[in-house]
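Structure, as structure tokens:
The values are calculated or read from the model by the stated rules, or taken from the named source; none is laboratory data. All of these numbers come straight from a predicted model, not from anything done at the bench. Here the Cβ positions follow ideal geometry from the backbone for every residue, glycine too, while neighbour counts run over all protein chains shown. Side chains included, ligands, DNA and RNA excluded: accessible areas come from the protein's heavy atoms. Shrake-Rupley method; radii C 1.70, N 1.55, O 1.52, S 1.80 Å.
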Amino acid sequence: MQSTTKRQGLSPIDGRPIEIHVESGRIAAIEPLAGPAPAHWIAPAMIDIQVNGFAGVDYNSPDTPQEDLARSIDVQIATGVARLLPTVITGSHENICGSLSNLARARRDLPNGEAFVGFHVEGPWISPLDGPRGAHPVQHCRAATPEEFDRFQEAAEGGIRLVTLAPEVAGAIPTIEHMAKAGVVVAIGHSNASEADIHNAIAAGATMSTHLGNGAHQIIPRHANYITWQMAADELSAGLIVDGIHLPPAFVKVAVRAKGANHVILVTDAAPPASCAPGIYHFGHLEVALTEDQCIRLTDSGRLAGSALSMDRGLENLIRFSDLDLLGALRAGTVNAAREIHLKAREGFLQVGDPADLMLFDYDQASGGVTIRETLLGDLN
Ligand SMILES: [Zn+2]
């Protein structure tokens with residue numbers, strides 16, 4: 001006999017109390033709940049498609065111990081995340097392949113490794129210019145080739161789902177075509193693209209902008225610029241780092257309106273010091289400092305190098321900064337991400353038959369505060 005677990009909460013769809021029955025890791029039934037309503041909410045658990053490390057653990061090192069990777073997953077689960085794409089940034093070929101291979105082993109072998117639903121490779125085929133390059137090491141920025149992608153994919157045991165590149169880099173367009181044909185999602189980021197470069201990337205198969213508004217020059221032409229062109233391109237969804245540091249609230253509000261509620265994706269872009277005490281940490285080839293005000297910066301240049309954000313805090317900020325209500329913000333951190341990375345099983349929002357990736361949380365409508373109580377991982381297969 002199959003055992004049934006039950007979880008109750010208010011539904012973000014209509015605010016009514018529901019009871020969800022879970023069997024074999026799937027939602028077996030969703031029933032209206034009679035009697036006194038619970039004070040907390042229930043929703044699909046979140047998906048973070050851009051995370052470079054967490055809880056002091058670096059996803060950009062081939063040498064990160066497996067038990068540290070397991071611990072970093074548990075800490076993220078406590079923030080409402082059930083699935084994530086560990087993200088490997090620009091580095092030497094050996095460092096990228098070694099990091100991917102170490103992460104692929106974790107995905108295959110760790111008891112909670114199934115939280116890794118694939119990998120995001122951000123770089124190394126990005127702009128070498130100050131500004132668009134962000135914190136990525138300039139000496140490792142290079143031209144794109146389908147052959148290097150194939151070697152990354154081999155190291156990742158076929159797990160790469162998302163690649164961020166700059167379409168103006170030599171070899172980018174044929175590499176986008178090659179990856180899109182292989183079913184990999186391609187995003188524009190860390191780029192100094194012209195309008196034509198952006199259209200060529202879309203024609204070749206790009207469907208997303210990575211952390212729109214970041215990885216950019218401090219000053220750009222007021223109208224003709226790569227942020228406006230990407231905002232205007234309906235073919236592109238946009239990832240947004242909503243920590244209140246990378247993007248001002250007004251930019252988040254405008255970007256959500258420009259893209260539409262179904263095409264914004266909440267990401268953390270968390271770096272290894274996220275959820276740690278202030279101090280000095282390592283992030284791939286980089287040395288970074290987490291400051292008291294929750295900024296993570298390169299120790300040499302002071303440039304932002306990822307965030308200290310968690311998805312629960314991002315959810316709160318997205319509600320505060322944009323026109324999205326709780327349901328809209330939850331969708332940005334769940335189904336919008338699933339649709340973009342072709343994670344079909346997670347495209348539903350509280351539907352019978354969905355994997356029971358669920359989170360229970362308190363939500364204070366007056367302050368917009370979110371407190372995660374419990375996160376469940378269901379069966380994706
Ligand atoms: Zn980036």
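Key figures for this structure:
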{"read-out": "Number of the exception - GLY328 against (1) over 16 Å from ASP243 (Cα atoms); (2) open to solvent by 20 Å² or more (accessible area, probe 1.4 Å); (3) more than 15 Å from the ligand (Cβ to nearest atom)", "value": "(2)"}
{"read-out": "Condition check for HIS263: within 17 Å of the chain's Cα centre (by Cα) and either over 20 Å from ASP323 (Cβ atoms) or buried (at least 17 other Cβ atoms within 10 Å of the Cβ) (or both)", "value": "yes"}
{"read-out": "Condition broken by THR90, with the remaining ones in (1) touching a Cys at 6+ places or on another chain (Cβ under 8 Å); (2) closer than 19 Å to ARG373 by Cα satisfied", "value": "(2)"}
{"read-out": "Search result, residues across the stretch 4-46 that are more than 22 Å from GLU114 (Cα to Cα) and open to solvent by 70 Å² or more (accessible area, probe 1.4 Å)", "value": "LYS6, GLN8, ILE13, ASP14, ARG16, GLU31, PRO32, ALA34, PRO36, ALA39"}
{"read-out": "Per-region count, the stretch 234-260, residues of a type in the set (D, E, K, R), open to solvent by 50 Å² or more (accessible area, probe 1.4 Å) and over 18 Å from ILE188 (Cα atoms)", "value": "2"}
{"read-out": "Residue within the stretch 200-222 that is touching a residue at least 60 places away in the same chain (Cβ under 8 Å), open to solvent by less than 30 Å² (accessible area, probe 1.4 Å) and touching a Cys at 6+ places or on another chain (Cβ under 9 Å) present", "value": "no"}
{"read-out": "Options ASP243, ASP293, ASP234, ASP269; residue that is at pLDDT below 95 and of a type in the set (D, E, K, R)", "value": "ASP293"}
{"read-out": "Every pair of residues 6+ apart whose Cβ atoms lie under 6 Å, when the first sits in the stretch 55-70 and is within 12 Å of HIS282 (Cα to Cα) while the second is among the charged types (D, E, K, R)", "value": "VAL57/ASP68; THR64/ASP58"}
{"read-out": "All positions within the stretch 125-151 that are acidic (Asp, Glu) and either more than 18 Å from LEU304 (Cβ to Cβ) or in contact with a Phe, Trp or Tyr (Cβ under 9 Å, 6 or more places away or on another chain) (or both)", "value": "GLU147, GLU148, ASP150"}
{"read-out": "Extreme residue, farthest from ASP130 (Cα to Cα), among residues of the stretch 266-282 that are open to solvent by 40 Å² or more (accessible area, probe 1.4 Å) and in contact with an Asp or Glu (Cβ under 9 Å, 6 or more places away or on another chain)", "value": "PRO278"}
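Residue by residue, here is whether (1) within 16 Å of the ligand (Cβ to nearest atom); (2) surrounded by fewer than 24 Cβ atoms within 10 Å (Cβ to Cβ); (3) free of Cβ contacts under 8 Å to residues at least 24 places away in the same chain; (4) aromatic (Phe, Trp, Tyr) holds:
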{"position": "ALA224", "(1), (2), (3), (4)": "no, yes, no, no"}
{"position": "GLY284", "(1), (2), (3), (4)": "yes, no, no, no"}
{"position": "GLU287", "(1), (2), (3), (4)": "no, yes, yes, no"}
{"position": "GLN294", "(1), (2), (3), (4)": "no, yes, no, no"}
